[in-house]
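Below: the structure, in structure tokens.
The values are calculated or read from the model by the stated rules, or taken from the named source; none is laboratory data. These figures come from a predicted structure and were not determined experimentally. Cβ sites come from the backbone with ideal geometry, for glycine too, and all protein chains shown count toward neighbours. Note: accessible area is taken over every heavy atom of the protein model, side chains too, but ligands, DNA and RNA are not part of it. Shrake-Rupley method; radii C 1.70, N 1.55, O 1.52, S 1.80 Å.
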Amino acid sequence: MDRRRVLIDTDPGVDDAIAILLAFASPEIEVVAITAVAGNVGLDKTALNARRLADLVDRPVVVAAGCAEPLSDPVTEDSVVHGRDGLGDLEWDEPRTILDPRHATEVIYDAAVEGPLTIVAIGPLTNLAVALERHPDLESMVERVVIMGGASFEGNVTPAAEFNIWVDPEAARRVFAASWPIDLMPLDLTHQAYLVDEDLEEMRSWGTVIGERCSGMLEPYAAFHDEWYGNRDVIMHDAMCVYELVSPGAITLQGVRLAVEVAGEHARGATFIDRRRALADSVQRVGVHVDNAQFRRFLLDRLHSLTPRS
Ligand code: RIB
Ligand code: CA
């Protein structure tokens, strides 16, 4: 089987962590690099969390730090959704994995030069936008970009905007304007995919490091969901991007044209998804539907199969 080369650009983030672990547990893809961006928490923490996750999977992978601030309107405080450290505030050893000396934008470009590349973008799009500015030929070299972001109807940071786009709408506009094929997984899709308490219990029953770490990270994230949404269904936003790559057909996709609002008292970060039938064959697609029972079983079986090499 030819494995798809994948670079994951991320702001870990508990749901980022599950997505990253699913990627490493999937033989269909080879994760060639993890690039960190500021988002859920500051870059110092997202880069540290990327190193922690690389250690956890115990696989050779490049880990690099990218942009610490969005293209405009710096984020003033860390999100509390994922805990103070961004991964549910568990105890971690100092990671063995060290950061690559290159900036994330150079790792992204070098990975595209080295061979066919799919980018999974599961945080704010700052690194991708800056990589496009520094390397205008990048958009013609990348096979596909699968993005968690946006919302067709209602946001999660404001009524209009989803977090990843809201943090850096200018970057999103630049990424959406590029010629590379894009698959966008917006909130109206990702809210269909969630884990429940019995799934966390199953992870704990494995008696493995992966099971202990996943259930440990997800517990405070479930408590946040209970406070925010009134139930402990833990939404697996970022995992939808990996699921699309490792289980083709599991997510229903639709050809669209994407646009983003970059300014506005109420609309900043809003995504506008044009679904006219004439766009059915567009290189920009949006995820529409996923079967949660099927996704949960797939995710748990893959994570249960993930064992450190040593
Ligand atoms: O809105 C959900 C997105 O914002 C996810 O990527 C989550 O990790 C946060 O970054
Ligand atoms: Ca994320």
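Glu91 fulfils the conditions (1) within 14 Å of ligand 1 (Cβ to nearest atom); (2) more than 19 Å from Ile165 (Cα to Cα) except for a single criterion, (1). Within region 1-21, being in contact with a helix residue (DSSP H, G or I) (Cβ under 7 Å, 6 or more places away or on another chain), surrounded by fewer than 24 Cβ atoms within 10 Å (Cβ to Cβ) and hydrophobic (A, V, I, L, M, F, W, C) holds for one residue alone: Leu21. Entry remark, region 160-177: residues being more than 14 Å from ligand 1 (Cβ to nearest atom) and either open to solvent by less than 10 Å² (accessible area, probe 1.4 Å) or closer than 12 Å to Ala270 by Cβ (or both) number 2 in total.
Filtering region 125-146 for residues that are in contact (Cβ under 8 Å) with a residue 24 or more places away in the chain, touching a helix residue (DSSP H, G or I) at 6+ places or on another chain (Cβ under 9 Å), under 14 Å from Cys67 (Cα atoms) and in a loop (DSSP other than H, G, I, E, B) leaves a non-empty set. I'd like to know if region 36-43 contains one or more residues that are on the phi < 0 side of the Ramachandran plot, assigned to a helix (DSSP H, G or I) and either open to solvent by 30 Å² or more (accessible area, probe 1.4 Å) or within 16 Å of ligand 2 (Cβ to nearest atom) (or both). Checked against the condition, which is being on the phi < 0 side of the Ramachandran plot, assigned to a helix (DSSP H, G or I) and either open to solvent by 30 Å² or more (accessible area, probe 1.4 Å) or within 16 Å of ligand 2 (Cβ to nearest atom) (or both), region 36-43 yields at least one hit. Which members of region 147-163 meet the condition of being within 15 Å of the chain's Cα centre (by Cα) and not in a loop (DSSP other than H, G, I, E, B)? Of everything in region 147-163, those that are within 15 Å of the chain's Cα centre (by Cα) and not in a loop (DSSP other than H, G, I, E, B) turn out to be Ile147, Met148, Phe163. A count restricted to region 185-244 and to residues that are buried (at least 24 other Cβ atoms within 10 Å of the Cβ), out of contact with any Asp or Glu (no Cβ under 8 Å at 6 or more places or on another chain) and among the small types (Gly, Ala, Ser) stands at 1. When region 25-53 is filtered for residues that are among the polar types (S, T, N, Q) and more than 16 Å from ligand 1 (Cβ to nearest atom), only Ser26 remains.
Residues in region 44-71 that are more than 17 Å from Val167 (Cα to Cα), of a type in the set (Val, Ile, Thr) and not in a loop (DSSP other than H, G, I, E, B): Val57, Val62, Val63. When region 148-200 is filtered for residues that are under 22 Å from Ser215 (Cβ atoms) and without any contact (Cβ under 8 Å) to a residue 12 or more places away in the chain, only Glu198 remains.
Being under 18 Å from Val209 (Cβ atoms) and touching a residue at least 24 places away in the same chain (Cβ under 8 Å) holds for only one residue in Val61, Val81, and it is Val61. If you scan region 130-159, which residues turn out to be buried (at least 19 other Cβ atoms within 10 Å of the Cβ), within 16 Å of ligand 1 (Cβ to nearest atom) and farther than 22 Å from Thr252 by Cα? If the condition is that a residue be buried (at least 19 other Cβ atoms within 10 Å of the Cβ), within 16 Å of ligand 1 (Cβ to nearest atom) and farther than 22 Å from Thr252 by Cα, then Asn156 is the only one that fits. Taking the criterion of being among the hydrophobic types (A, V, I, L, M, F, W, C), surrounded by fewer than 22 Cβ atoms within 10 Å (Cβ to Cβ) and more than 27 Å from Arg268 (Cβ to Cβ), the residues of region 58-98 that qualify are Val61, Val62, Leu90, Trp92, Ile98.
Give region 82-124 a look and list any residue that's of a type in the set (A, V, I, L, M) and in a loop (DSSP other than H, G, I, E, B), or say none. Explain how you work it out, then say what you get.
Going through region 82-124, the residues of a type in the set (A, V, I, L, M) turn out to be 87, 90, 98-99, 104, 107-108, 111-113, 117, 119-122.
Selection gives Leu87, Leu90, Ile98, Leu99, Leu117, Ile122.
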